[in-house]
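Only one structure is covered here, and it is reproduced in the block below.
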Amino acid sequence: MNRERRKTENQMRHGDRGQWTNKTEYILVVAGNIVGLGNVWRFPYLCYKVNTGAFLVPYGLLAVVCGILLFLLESSVGQYTQEGFITSWRKMCPLAQGIVFGQLVISLCFFIYILIEAWALFYLVFSFRSQIPWASCENTWNTAHCVGLQTFNSSHVTANQTNITSAAIEFWERRVLAMSGGIEELGGVRWELALCLLACWVVCYFSIWKGVRSSGKVASFTATFPYVMLMVLLIRGLTLPGAWQGIYYYLYPDLNRLANVKVWIEAGSQIFFSYSLTAGTLNVLGSYNDYNNNCYKDCFWLCLLNGGTSFVAGFVVFSVLGFMAQKQGVTVDTVVESGPGLAFIAYPQATAMMPLPQFWTVCFFLMLILLTVDTHFVIVESFITTVTDLFPKMIRAPVRHEIFVLLICLSSFLIQLTLVTEGGIYVFQLIDFYGSTRVCQNFMAISQCMAVGWIFGADRFFNIIKDMTGQRPSVFFKLCWKYIIPLLSLISFILYLVDYKHLKVHNLYIYPDWAYALGWTMTLSSVLMVPLWAAGQMCLTPGTFRERLSVLCRPAGDPAWQRRKLGEEGTSVELRTSAVTA
């Protein structure tokens, strides 16, 4: 096939949609999207939770078997169709279009993670005070049970911690969140947090208001500067007393834990979360690439960058945990209790113990903000791109596009004011727990692999990747797409349902029944999209059952389907390519 002619046709067809100015912009935006909280917060916490070194083994294996392959699949679909995730799957396999409506629901749930950016901004503002407020109990929000940092680190207190709370915990729960008794008591809006949230949405708006033309420029800073901060914190962490105690805990594996299925399941869940799989963002980012971009090579380098960042972030976090353990006279495995506590209790408490605490606190929260910024604006941009591709004439015009982006950001901010109320943390954790659970991730992975590997055809997809990149993937990719990933995802899906436990806050607060019902509604609203859409299309499409199935299982507008076999090379590839992107 004449690649230059194909490239020109794509540019003419999608010229008004926009493309990345250069390859560097694409790499930076994708890197900013996949390198985020999952690397510096969730990955170290899971290592801490399941005994560190034992977690690295399944994480590495599943990254190769699932992560890289699904990353390539989603990126390639977007690059091939040059469309957002709804219209791309409509062209690839109309029967499977429910996948993207499920992904749309998941991406809407991901909007809430801007709240972490708002929390970090709140901490950043307080970091410039001469006295770090979470280091002492001389504040209006402290209780009689509060213990300051110096007292908390004494061996006498650490031996009798049942009736006390640290100043860092009280700052988090009473000053930042002002936590109410439960989700039933939302209380008033925390206006300081609301202003932080507004500032975050303003940054998000101006990052994406011009589409990829603005987001690519913003990522040149937001995707690179966190690495500077990470290196600064790494050097400081490794020079702290007790740091190597934490590093030893991080790297030393308890091989007996590998027999625990939960360790493997947690590793798989982290792969999905950290690589931004099954959320549609990789599809959208790939759609702005040139048709002949080598997404096959990009996939390996970006996944390697993501895994490497997680590994380095582990050294940063565990060196600090080792330092805290030595200061408090406890073992490393008793320093931190929960995921949010790692970012907003343990690390701020650790920086307050260091010389020049304001400097190290600013470095940490500035890094956390920038890591969240690019991940969040990519999620919002993916949603906007997908809706725009559905109504290009209505939204894509220059002024209309900016207004549409403004409406999305403004409405999201107003809705999320519930998250900055006194009971907002309960709402946040409910959406976080049910909006994108392993049920959603695994079900979407199974659906995508079935649609590409079995309905569209793995051989056909291989031909497309070869036509775009000049490289044909290994047979291993086909085996994983057709058999291994669906099987592993199905096992994880079943085990989640068997081992399901209701969400609790601090293992004490139990949500009311209506909240659990709302949570499962969020989960099922994405999962059920796939079978409901398929059933609806089968009912609405004319013809016999076999004719309807034949029409819906072939790429939209492909007149050569009946005359061509999926595995043919040469001119048949050109016919199929032209048909699917028509």
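The values are calculated or read from the model by the stated rules, or taken from the named source; none is laboratory data. Keep in mind the model is a prediction, meaning the values are calculated, not measured. Here Cβ is always computed from backbone atoms with ideal geometry, including for glycine, and neighbour counts include all displayed protein chains. In case anyone asks, the SASA skips ligands and DNA or RNA and just uses the protein heavy atoms, side chains included. Shrake-Rupley method; radii C 1.70, N 1.55, O 1.52, S 1.80 Å.
Quick notes on this structure:
- Signed unit charges on C-beta, dipole axis of the chain, positive-most listed residue Tyr249, Cys449, Pro473: Pro473
- The chain, accessible surface, carbon-and-sulfur percent (1.4 angstrom probe): 66 percent
- Projected onto planes of every orientation and averaged, the convex hull of the alpha-carbon atoms in the chain covers 26.4 nm².
- Inter-centroid distance (Cα atoms) of segment 110-128 relative to segment 290-316, Å: 26 Å
- Charged side chains reduced to their Cβ positions (Lys and Arg at +1, Asp and Glu at -1) give the chain a dipole of some 1560 debye around its Cα centre.
- Counted charge near Ile408, where neighbours are those whose Cβ lies closer than 14 Å (Asp, Glu -1; Lys, Arg +1): -1
- For segment 504-537 versus segment 185-242, the spacing of their alpha-carbon centroids is 30 Å.
- Over 31 Å between alpha carbons, listed pairs Lys23/Lys466; Lys49/Lys91; Lys23/Lys91; Lys262/Lys466: Lys49/Lys91; Lys262/Lys466
- For the set Lys217/Lys478; Lys327/Lys501; Lys210/Lys297, the pairs lying more than 32 angstrom apart at their alpha carbons are Lys217/Lys478; Lys327/Lys501.
- Listed residue (Gln416, Phe344, Leu406) projecting farthest to the positive dipole end of segment 333-441, Cβ model: Leu406
- Accessible area of segment 176-237 divided out per residue, in Å², using a probe of 1.4 angstrom: 44 Å²
- Annotation: peptides 228-234, 77-83, 536-542, ranked by per-residue average of other Cβ atoms within 10 Å with the highest first, follow the order 77-83, 228-234, 536-542.
- Longest DSSP-loop-exposure-free segment, trypsin sites (Lys or Arg not before Pro), the chain, at most 11 other Cβ within 10 Å: 130-500
- Kyte-Doolittle mean at least 0.0 and Cα axial length at least 27 Å: DSSP H helices in the chain: 295-328, 357-390
- Peptides 371-384, 302-315 ordered by average Cβ neighbours within 10 Å, highest first: 371-384, 302-315
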